[in-house]
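In what follows, a single structure is set out as structure tokens and then discussed.
The values are calculated or read from the model by the stated rules, or taken from the named source; none is laboratory data. All values reported here derive from a predicted model rather than from experimental measurement. As a convention, Cβ positions derive from the backbone with ideal geometry for all residues, glycine included, and neighbour counts pool all protein chains shown. Please note that ligands, DNA and RNA were not included when accessible areas were found on the heavy atoms of the full protein model with its side chains. Shrake-Rupley method; radii C 1.70, N 1.55, O 1.52, S 1.80 Å.
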Amino acid sequence: MKAISSARSEMLARYKSRLALGSEAIYRERPVKAPFRLLRERSALIDGVLRGLWDEMEIPGELTLAAVGGYGRGELWPHSDIDILLLLPKAPDEATAEKLERFIRLLWDIGLKVGQSVRTVEDCLGEASGDLTIRTSLVEARPLAGNRALFEEFESKFSARVDPQNFYTAKKLEQYERYLRYQESPYSLEPNCKESPGGLRDLQMILWIAKAAGFGHSWDEMVRHGLITPAEKESIEQGEIFLQRVRILLHLHSGHNEDRLLFDYQETLARELGFNAIGVKRASECMMREYYLTAKKVVQFNTILLQNLGTAIFPVREHEPVRIDEDFQNTYQLLDIVHENVFNANPRAIFRTFELMQEHSELKGLTSRTIRALWRAHALIDDEFRADSENRARFIGIFKRDRCVLIELRRMNDLDILGAYLPKFGAIVGQMQHDLFHAYTVDQHTMQVLRGLRRFSLPEFAHEYPFCSRLISEIDASWLIYVAALFHDIAKGRGGFHPKLGAADSREFCKTHGLSEEETERVAWLVENHLVMSGVAQKKDISDPDVISGFASIAGDAWRLSALLLLTVADIRGTGPKIWNGWKGRLLEDLFNETSRFLLSDRKPAPQGILRERRREAQRLLRYFAVEENAEDALWEELGTTYFLRNAPDEIAWHTRVLHYRTDSDTPIVKARTRPHDEGIRVLVYTKDQSDLFSRLVSFFNHAGYNIVDAKIETTRHGYALDSFLIFDVGGRDGDRNMISYIEHELFERLIRSSPPDAPISSRVSRQVRYFPIQPHISVQPDEKGLYCILSISAADRPGLLYAIAKVLAKHGADIHTAKIVTLGERIEDNVLVSGGGLDTSAGRIQMETELLAELAENAEARRAIPDIGGFIPPPLTGEK
């Protein structure tokens, strides 16, 4: 037994050493020089190890060891699984099964991460027929050791069973699903270099289909079959090499099978790949721009090759193309150029392509030769082309048509036509945004905004945001909003205030493209003010008539107000999948409705008029819920005017239903509720006022795992606190009735026991914030009436942040009246209405600003950088979404 154990230990040590020395030799050179060679050498190293162990373990000769998947292809990444197939002529007996188990165990013991399958030939055929992943893996099977005849039997039967048409269709559907998982975009700020659109998987899929259809399994063989040109083959290989380098370095620097280009690795990889900072652009930004351009190219080649392979795999009956005009024809419902040099002979036909796609609903796409020709044609777009009146008319016509506005603009961007025609747009293609809430590059964000606007106008998407769908159907010249969307972020990265710079660009564009003076001013106004509405809705008290009056003076008329709402909603929703929520939508709708009423009345509404209107509507709701006449009087007599101005009628009615019969309660009252079609939980707290009450409430919500996004603090005339909160839970428990019961019970118990506030939950700083730190900004400004101060805070988000703010305010004896907390990805913007605490003097405000900055500092080094006095750092000039 000892001899067996000793022999096994010796074998383990020998093969571990072989792996270590072999890997050291492979990685000795910089792996970015020849990535394909590295993958082949690593595959060959593992081949040798597996064959040696197979022989030493004396596996029965009738069995076969085969490599499958990427390993079968001969591309083994530094930390990828090693997928193998143990092929058997029949089900194994007990002795064979035990020997195979020992073999697999030995592979793990020497440090290999193995994915194994043990199958007979019939098992392979049966399982592959019902599982696309298995079928794809077996397409690339390669024999390593054992019974060669058995592998040839499997290969012959498997090839005969693979139906190229079925395989092609299944892989296309699989790619469609994969694209959906990544928002159909290569342009996320942390893309997956393997799975995202434009990643290595797009190229691998082409090779799988080609091999299954008998067209070989290399780019050279595809050239021989006429599927791609030699120049295209060279371009594909360049893109493939770049993506291989990126993926290899990701594995080596992360130490595991990591395919996401996370911020953590981007700067390191950029330096390793030879990128340097250019001006204000980091090396990582230069690398990522190269990545996006490569991904765009890969997506185009994937589209071309899929079409060419589909034509070859699905032969169709010859038919005569239907001529559309002198340059184009309809070929199998695809728009086709009549000859290869159409665009060189007539550059105006470039924009005619997109015009025809909008005009002819029977056309389902472009032929591969049209895509190729368009891709090359962007070089024909020069100053003469841009100045041509016919080209200008066709371009602006894209926005005016009812069909395929987004599809054609996106197609123009993908083919580099849009950036060539609008060079300032070309400058933002592939440009990253390090603001920690945009999820896409600037150009892709613009396309997402256009997507949102188009979805408002299409009946099939009316359920997503009915308010905007109704609004866009009622507004005239809605196409002007699309033009504004194209320009709204076009000036990012230039320095200065991008809305103002973009407005100047859009004004010049509109004038040269024949828009009227009114249309030009509408577009330029939207671009210049595209951040205003979200700022007012999320940062100001929209129950204040002065706020509504000020915003209405900016909007000016009903068209601009409606257009700005539509652009604002699309802009926020297009920022990233986690930025939008129902609360933001409700705020924007409320602001829109209040401003509409103001514009229609053509006068500033008197506070007393608003108060009477809200009281009347709240009373109507109370009667609807069978609350007896005048039951509200006792409570309402204790509430000040500000309460009725800050709360909507339905909130007033809910508070009154809960409190009207116990306005002098000796015990705290805590109630929570959710509402249909509304996100988050609304919480009402009513108790005798206490100095540290707000801090204790904030502490409770923090420990319960909730973020406060809106808070209204009211003190009644007889000394009770009536505080209401809107809280969100990132864990998705908002609709859980059990959580409502938990909040009501636990918060009541804490208040009845007068429990002191708990220290905030500590947590690690997110990796996004770690790599793109946010400088905190503090502003304390008196309002116009001098009654309150508006405390504005912008900082990196972290648990307990509001508690830290509340603690400083409580220390100074300041009273909080309202609080709005806007979360923008990894950044928060708090706007708190406060009074007292010495804030009526400049010295008092400076002292509070300094202490708040100290609380917001994320580490001791940041604290040391804060000056002893005058710690106020002006907020940035630009607003945010």
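Could you tell me which residue of segment 261-303 is farthest from Ser368 (Cα to Cα), considering only residues that are basic (Lys, Arg) and under 19 Å from the mean Cα position of the chain (by Cα)?
My answer is Arg289.
Which of (1) under 12 Å from His530 (Cβ atoms); (2) open to solvent by 50 Å² or more (accessible area, probe 1.4 Å); (3) among the polar types (S, T, N, Q) is the odd one out, the single condition Ser506 does not satisfy?
All conditions are met except number (2).
Collect the residues in segment 37-69 that are surrounded by 15 or more Cβ atoms within 10 Å (Cβ to Cβ), without any contact (Cβ under 8 Å) to a residue 40 or more places away in the chain, assigned to a helix (DSSP H, G or I) and not small (Gly, Ala, Ser), keeping them in residue-number order.
Those that are surrounded by 15 or more Cβ atoms within 10 Å (Cβ to Cβ), without any contact (Cβ under 8 Å) to a residue 40 or more places away in the chain, assigned to a helix (DSSP H, G or I) and not small (Gly, Ala, Ser): Arg40, Glu41, Arg42, Leu45.
Which residue, of Ala25, Ala95, Ala91, Ala34, is under 39 Å from the mean Cα position of the chain (by Cα) and free of Cβ contacts under 8 Å to residues at least 40 places away in the same chain?
So the residue among Ala25, Ala95, Ala91, Ala34 that is under 39 Å from the mean Cα position of the chain (by Cα) and free of Cβ contacts under 8 Å to residues at least 40 places away in the same chain is Ala34.
Filter segment 212-267 down to residues that are assigned to a helix (DSSP H, G or I), open to solvent by 20 Å² or more (accessible area, probe 1.4 Å) and of a type in the set (Gly, Ala, Ser) and give me whichever is nearest to Phe36 (Cα to Cα).
Ser235
Kindly indicate the residue of segment 790-801 that is open to solvent by 10 Å² or more (accessible area, probe 1.4 Å) and either among the acidic types (Asp, Glu) or assigned to a strand (DSSP E or B) (or both) and also modelled with the lowest pLDDT among those meeting that condition.
The qualifying residue modelled with the lowest pLDDT is Asp797.
So, Tyr643, is that one of a type in the set (Phe, Trp, Tyr), at pLDDT below 95, open to solvent by less than 50 Å² (accessible area, probe 1.4 Å) and over 15 Å from Ile542 (Cβ atoms) or not?
Answer is yes for this residue.
Which residues, taken from segment 583-617, are open to solvent by less than 70 Å² (accessible area, probe 1.4 Å), modelled with pLDDT under 85, assigned to a helix (DSSP H, G or I) and not aromatic (Phe, Trp, Tyr)?
Hits for segment 583-617 are Ser601, Pro607, Gly609, Ile610, Leu611.
For segment 410-418, indicate whether the set of residues that are among the polar types (S, T, N, Q), assigned to a helix (DSSP H, G or I) and either surrounded by fewer than 17 Cβ atoms within 10 Å (Cβ to Cβ) or in contact (Cβ under 8 Å) with a residue 12 or more places away in the chain (or both) is non-empty.
Yes; the residues of segment 410-418 include at least one that is among the polar types (S, T, N, Q), assigned to a helix (DSSP H, G or I) and either surrounded by fewer than 17 Cβ atoms within 10 Å (Cβ to Cβ) or in contact (Cβ under 8 Å) with a residue 12 or more places away in the chain (or both).
Here is a check on your reading of the model: is Ser506 modelled with pLDDT of 95 or more and either over 25 Å from Phe425 (Cβ atoms) or of a type in the set (Ser, Thr, Tyr) (or both)?
When the stated conditions are applied, Ser506 passes them.
Going through segment 815-842 one residue at a time, which ones are modelled with pLDDT under 80 and among the hydroxyl-bearing types (Ser, Thr, Tyr)?
Thr818, Thr823, listed by residue number.
Conditions first: (1) part of a strand (DSSP E or B); (2) open to solvent by 40 Å² or more (accessible area, probe 1.4 Å); (3) out of contact with any Pro (no Cβ under 8 Å at 6 or more places or on another chain). Trp108 passes all but one, so which condition is the exception?
Condition (1) is where Trp108 drops out.
Is it the case that segment 151-163 has a residue that's under 30 Å from Gly52 (Cβ atoms), part of a helix (DSSP H, G or I), among the polar types (S, T, N, Q) and out of contact with any helix residue (DSSP H, G or I) (no Cβ under 9 Å at 6 or more places or on another chain)?
Yes - at least one qualifying residue is present in segment 151-163.
Could you tell me whether segment 652-673 includes any residue that is touching a residue at least 12 places away in the same chain (Cβ under 8 Å), in contact with a Gly (Cβ under 9 Å, 6 or more places away or on another chain), under 25 Å from Asp815 (Cα atoms) and not in a strand (DSSP E or B)?
no
Does Glu384 count as open to solvent by 10 Å² or more (accessible area, probe 1.4 Å) and either in contact with a Phe, Trp or Tyr (Cβ under 6 Å, 6 or more places away or on another chain) or among the charged types (D, E, K, R) (or both)? If you could, list the steps in order and put the result at the bottom.
On the way: open to solvent by 10 Å² or more (accessible area, probe 1.4 Å): yes; either in contact with a Phe, Trp or Tyr (Cβ under 6 Å, 6 or more places away or on another chain) or among the charged types (D, E, K, R) (or both): yes.
It is true that Glu384 is open to solvent by 10 Å² or more (accessible area, probe 1.4 Å) and either in contact with a Phe, Trp or Tyr (Cβ under 6 Å, 6 or more places away or on another chain) or among the charged types (D, E, K, R) (or both).
Residue by residue, here is whether (1) within 18 Å of Thr64 (Cα to Cα); (2) open to solvent by less than 70 Å² (accessible area, probe 1.4 Å); (3) touching a strand residue (DSSP E or B) at 6+ places or on another chain (Cβ under 7 Å); (4) in a helix (DSSP H, G or I) holds:
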site: Thr136; (1), (2), (3), (4): no, yes, no, yes
site: Tyr168; (1), (2), (3), (4): no, yes, no, yes
site: Leu173; (1), (2), (3), (4): no, no, no, yes
site: Glu184; (1), (2), (3), (4): no, no, no, no
site: Pro197; (1), (2), (3), (4): no, yes, no, no
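Tell me, which helices (runs of 4 or more DSSP H) lie completely within segment 470-541 with 3 or more residues that are more than 30 Å from the chain's Cα centre (by Cα) and not polar (S, T, N, Q)?
Numbers: elements: 479-487, 498-512, 517-528, 532-539.
Answer list for segment 470-541: 498-512, 517-528.
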